[in-house]
Structure formats: structure tokens, C-alpha cells
Amino acid sequence: MDKSFERCLAFIVGKDFGALSAYRIGVLHPERVSAIITLGTPFIQPGPSVVQNHLLPEGFYISRWQEPGRAEADFGRFDVKTVIRNIYILFSRSEIPIAAADQEIMDLIDPATHLPPWFSEEDLSVYASLYEKSGFSFALHVPYRKLKVDRSLIDPKVSAPSLLIVGEKDYSLKMPGVNNYIRTGAMKHLVPDLDVKFIEEGTHFMHEQYPDQVNQLIIAFLGKHGA
């Protein structure tokens, strides 16, 4: 192996469930990480308790999508473009997606609902073309159906400087304990060198909704830490 590669330090950026992987790298390989930037998701100890499904109703979207075959049957009622459209509309709201007993997750969207103004029909077509090739199986399996796998770490401290960017209107802030965990500074027990920035009108897709603002926060953080 090239010795220069062994000395290489990385700046890692992760969004949503990708943030869990970014933090995990920071825990397991601190000597390789210069800094970590995550969007929307704080550092949570991986394992069966990563998402508190039992604290939310049965119709909680993650619980539904963890059931083998259920999301596939739900999505299969629609073309791929409609599924992507529904997901963007649903996840752009400030409420946790929860279906009633007689509903599936896709039923939460009125077909007449417009896309968010920052997500164009052209964007939708591009995203849909990718999923038309790949399907949704892998996206459902990882991460949703792998969340309960026990990957607990001993003393999971992230020593690298870290930036967490959160949309104030991201529905995930309403998941049990998440808002307090971020705002009270409890996360700093695991990520001591942490900076948290909030985007006032930001949703779960704040990086697409406010790309310039998110990019400026990232660039400023990278500049501060030598990138």
C-alpha cells in the first residue's frame, strides 16, 4: 500500500442515515478523519435502539418499511415517478409520516399535491430514471431493515471536529428525544468538538431547498479546519 495513502486524512460528509456511517468512521478510524459534517441526523449509538419505533404509532413510516414486502407492495401500486414525488412531498413536511391502520404510507399524499417549489419536474425525472434502473429494494434494505442489527460500539466518542446542520422544520426533530438531544448539548458527550447550525425554514431536504446556505456553512467549516 502507498504510504502516503496511509497518512491521508479525510473530510467526511453524510446526510440522513449516511450520517451514521460518517460518525462510525470517526469512531473507528479517528487517525484518518480531519472533520465530519452531517446533515439532519445527529450521532446516535448504532444498534437496535437507534430509532425508537415503539414510542410512535404502528403506522410510523420506518416501522412500516422495515416489514419485508410491505413497502414493495405499497410502492408497487404506482409508477416510480409517483413514488419519488410522494416521498419528496411527504418528507418535506414538518410532521412525522404516520399512516392510519387502514392506510399505507403512499396513501398519505393527495395526488393533487404539488411538488415543493424548490424541487422541479426535471429534478423528479432525473431521480425517477435512477430508481427505474435500480428499483427500491436496496434503498429499503439499507438502511431501514438493517437498523436493528446490533453494531454497538464501546465508548463511541467522535474526536474529530464535527458540524451538524439541521433544518428547523425537519420532521425528524419531532422523533422522540431528538430535539432535546441536539439542543441541550447532550450530543457533545459523544461528539465533544461539535458545532450545530440550524436553518430556520429548512426541511428534511434543506440541502436541496437552500443549497447556497448549506454550502456556505460547509465551506466556512472546512476553511476553519484546514481544507
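The values are calculated or read from the model by the stated rules, or taken from the named source; none is laboratory data. Since the model is a prediction, treat every value here as computed from it, not as a measurement. No Cβ is skipped: glycine too gets one built from the backbone with ideal geometry, and neighbour counts run over all protein chains shown.
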Hits in the stretch 178-209 - residues which are part of a loop (DSSP other than H, G, I, E, B) and in contact (Cβ under 8 Å) with a residue 12 or more places away in the chain: LEU190, VAL191, PRO192, ASP193, GLU200, GLU201, GLY202, THR203, HIS204, PHE205
Qualifying positions in the stretch 10-31 - touching a Leu at 6+ places or on another chain (Cβ under 9 Å), over 21 Å from LEU140 (Cα atoms) and either in a loop (DSSP other than H, G, I, E, B) or modelled with pLDDT under 90 (or both): none
Where in the stretch 62-142 are there helices (runs of 4 or more DSSP H), lying wholly inside it, with at least 1 residues that are out of contact with any Lys or Arg (no Cβ under 9 Å at 6 or more places or on another chain) and closer than 22 Å to VAL51 by Cβ? 70-75, 80-91, 137-141
Taking the stretch 160-171 and keeping residues touching a helix residue (DSSP H, G or I) at 6+ places or on another chain (Cβ under 6 Å) and either under 13 Å from GLY202 (Cα atoms) or part of a strand (DSSP E or B) (or both) leaves LEU163, ILE165, GLY167
Total residues in the stretch 32-46, condition in a loop (DSSP other than H, G, I, E, B) and surrounded by fewer than 20 Cβ atoms within 10 Å (Cβ to Cβ): 2
Which numbered condition VAL166 misses (of (1) among the β-branched types (Val, Ile, Thr); (2) at pLDDT below 95; (3) within 28 Å of GLU58 (Cβ to Cβ)): (2)
Residue satisfying condition, being in the same structural domain as GLY135 (by TED's automatic domain parsing), modelled with pLDDT under 95 and either under 24 Å from GLU201 (Cα atoms) or hydrophobic (A, V, I, L, M, F, W, C) (or both), within set ILE89, ILE84, ILE44, ILE62: ILE62
Just checking, does the stretch 149-166 include any residue being acidic (Asp, Glu) and closer than 20 Å to PHE11 by Cβ? no
So, ILE105, is that one surrounded by 15 or more Cβ atoms within 10 Å (Cβ to Cβ) and out of contact with any His (no Cβ under 7 Å at 6 or more places or on another chain) or not? yes
The one condition in (1) out of contact with any helix residue (DSSP H, G or I) (no Cβ under 7 Å at 6 or more places or on another chain); (2) of a type outside the set (Gly, Ala, Ser); (3) at pLDDT 95 or above that THR38 fails to fulfil: (1)
Given the criterion closer than 19 Å to GLY14 by Cα and modelled with pLDDT under 95, identify the matching residue among LEU194, LEU140, LEU173. LEU140
